[in-house]
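Derivation of every value follows stated rules applied to the coordinates shown; laboratory data play no part. Note that the coordinates shown come from a computational prediction; the quantities given were computed from them, not determined experimentally. As a convention, Cβ positions derive from the backbone with ideal geometry for all residues, glycine included, and neighbour counts pool all protein chains shown.
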Amino acid sequence: MDIRGLILVPAADKAQNKGLPCSPALLDVAGRTPAERTALRMQQAGISAVSVVHAAESPQLPTGVVAGIEYQPVDSKNFWQAAESIFSHMGNSGAELVLVCALHTYSEIHFEKLIQFHLDHRALITHAHCASQPVEVFCVSPSRRAGAESLFRSHLSGQPQYGIFDGAGYTTPLVTAQDLRRLATDILTLRTETRPAFAQLRPGVWVGPGALIEKDARLLAPSFVGAYATVRAGAVITRCSSVEQHAEVDCGTIVENSTLLPGVRIGAGLDLSHAVAGPKSIVSLRRNAMVEIADTRLIGRASPLSWTRRLRAAGAAVDFRGAIRQRLFRRRLEEMAAPEPAPASARAANANLEIEPTAELSPGLMAVRRS
Amino acid sequence: MSTNSSRPVVVKRMPARVDGRTAREFLRDVQPFLTTDRPQLVFDLSQVQRLDAVGVEMLLRCMSEAHKRDGDLKLAALSTQAAVVLELTRTERLFEIYDSSTDAIRSFSGFLPNAMRLQFMERRRPPATAA
């Protein structure tokens with residue numbers, strides 16, 4: 001059976017998600033965006049092709065790429081029309097069932113059970129509920145267009161004629177920075193079915209590949225450091241904090257119950273607590289306010305130079321021949337630069353110095369004791 | 001500027017944007033008050049919309065100057081922006097912060113004399129006699 005997934009991420013409401021560069025569904029939470037997490041859960045339920053349709057508000061921040069997920073940016077003004085046409089295209093290209101999911105809410109509905117319920121009841125559209133509360137997850141048969149059209153034209157609002165599947169599972173709204181933090185906390189405290197993206201360095205501490213954790217930095221569980229992120233000496237990451245990919249925490253800074261969005265750098269000696277930090281702003285969760293910060297000494301973008309340096313380093317590691325050639329050349333240079341050993345008499349010109357036999361040392365070295 | 005019976009308390013409203021240039025100008029304005037004997041200053045931060053590291057350094061410098069001359073600098077009516085930046089830079093714990101300028105002014109006249117009054121009363125209290 002050809003079942004496809006359609007994940008919809010409409011344009012974020014600027015009044016509600018102030019301080020975030022785009023919809024929280026497209027921002028990394030413990031290594032993966034909620035859109036990716038939903039798509040992965042769909043793939044695990046046997047849905048092969050998943051499309052993520054998002055408003056083209058162009059997130060500047062790098063997002064991870066999962067195989068088998070197609071991202072389709074559309075004009076935010078005609079978002080629902082575009083979503084409907086993509087849905088129609090799925091139907092025309094042979095999809096027998098489409099799972100439509102809008103990410104105003106992140107919910108962990110059991111997709112397999114939802115599909116089975118839909119098939120058993122031969123419904124046109126099945127609306128998923130979670131603990132008797134409606135969530136924006138629908139199972140739609142695209143062969144009967146009329147119902148699907150009304151679904152998209154009503155912006156996925158539930159209608160009484162739809163079948164209702166009442167399942168259980170984790171659900172949280174996904175609109176504001178507070179919601180983003182709540183999801184991060186729930187993922188790191190393992191309240192969700194989905195898990196942080198990478199392996200655990202030790203219990204409760206997840207670190208992504210290529211992350212640089214300097215020697216004196218402290219990661220206190222539960223915490224997350226994303227791929228290629230940097231945590232400098234003396235920094236502390238604690239209380240469900242999440243430092244996303246390519247972010248940087250400078251020396252001595254404490255990150256407590258906070259999220260550093262991808263590619264964000266926080267300066268040295270600071271105290272980021274109960275906040276979500278973007279490249280030019282901080283959303284304070286305690287004060288429920290967004291504060292713009294133009295001073296790059298406090299907060300800014302992680303230097304793109306460090307990314308290019310890492311890419312070059314990775315390239316050099318792959319280029320074995322070049323590395324060997326470089327090493328040989330360096331050795332030759334060292335040989336040329338090494339001074340000729342001076343005669344023993346000249347070396348002992350100072351009468352106060354006593355020369356010891358140098359049998360155990362290399363020819364260029366000698367041991368001298370001051371008398 | 002507000003005065004009480006002893007020494008004046010200077011209240012200065014900080015500009016909306018406190019960056020390098022405005023911080024220097026502000027410092028120049030308050031310098032005469034900082035160099036007096038035992039200065040008592042209150043900075044009103046209600047208008048502050050943007051505060052950066054230079055602004056925070058300027059506040060610390062003013063406080064240090066005031067302390068050198070046995071005075072004090074208190075902050076009042078912090079805007080959300082100012083409060084978040086002071087928390088971020090861990091400097092909010094260095095200042096006495098009040099909800100309004102009036103409260104800050106009152107704290108200068110209220111706290112120290114009360115403490116002194118208690119000391120004075122203890123000194124004057126007659127020693128307890130054994131029954």
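Of note:
- Here the Karplus curve 6.51 cos²θ - 1.76 cosθ + 1.60, taken at θ = phi - 60°, turns the phi angles of segment A:195-203 into couplings of 10, x, 5, 10, 6, 7, 6, 8, x Hz, with x standing for Gly and Pro.
- Residues whose amide H comes within less than 5 Å of that of A:Tyr106, counting only those at least five positions distant or on another chain, are A:Thr172, A:Leu174 (H built at 1.01 Å from N in the peptide plane).
- Taking 0.36 nm per residue of sequence separation and removing the Cα-Cα distance, the B:Leu27/B:Leu94 pair yields an extension gain of 22.2 nm.
- Above-threshold pairs, the threshold being 23 Å between Cα atoms, out of B:Lys12/B:Lys68; A:Lys77/A:Lys280; A:Lys14/A:Lys77; A:Lys18/A:Lys280; A:Lys18/B:Lys12: A:Lys77/A:Lys280; A:Lys18/B:Lys12
- Neighbour counts of other Cβ atoms within 10 Å put A:Val9, A:Val135 in the fewest-to-most order A:Val135, A:Val9.
- For segment A:65-120 versus segment A:221-289, the gap between their alpha-carbon centres in whole angstrom: 33 Å
- Eligible aspartates and glutamates near A:Lys113 by straight Cα distance, threshold 19 Å, same-chain separation 8 or greater: A:Asp2, A:Glu96, A:Glu136, A:Asp166, A:Glu193
- Electrostatic bookkeeping for A:Leu261 treats Lys and Arg as +1 and Asp and Glu as -1; over the other residues with beta carbon under 9 Å from its beta carbon, the sum is -2.
- Span from the segment B:44-84 Cα centroid across to the segment B:3-42 one, whole angstrom: 10 Å
- FRET efficiency, A:Ser93 to A:Thr296 (Cβ-Cβ, R0 56 Å, nearest 0.05): 0.70
- By other beta-carbon atoms within 10 Å, ranking A:Asp166, B:Asp72 with the fewest at the front produces A:Asp166, B:Asp72.
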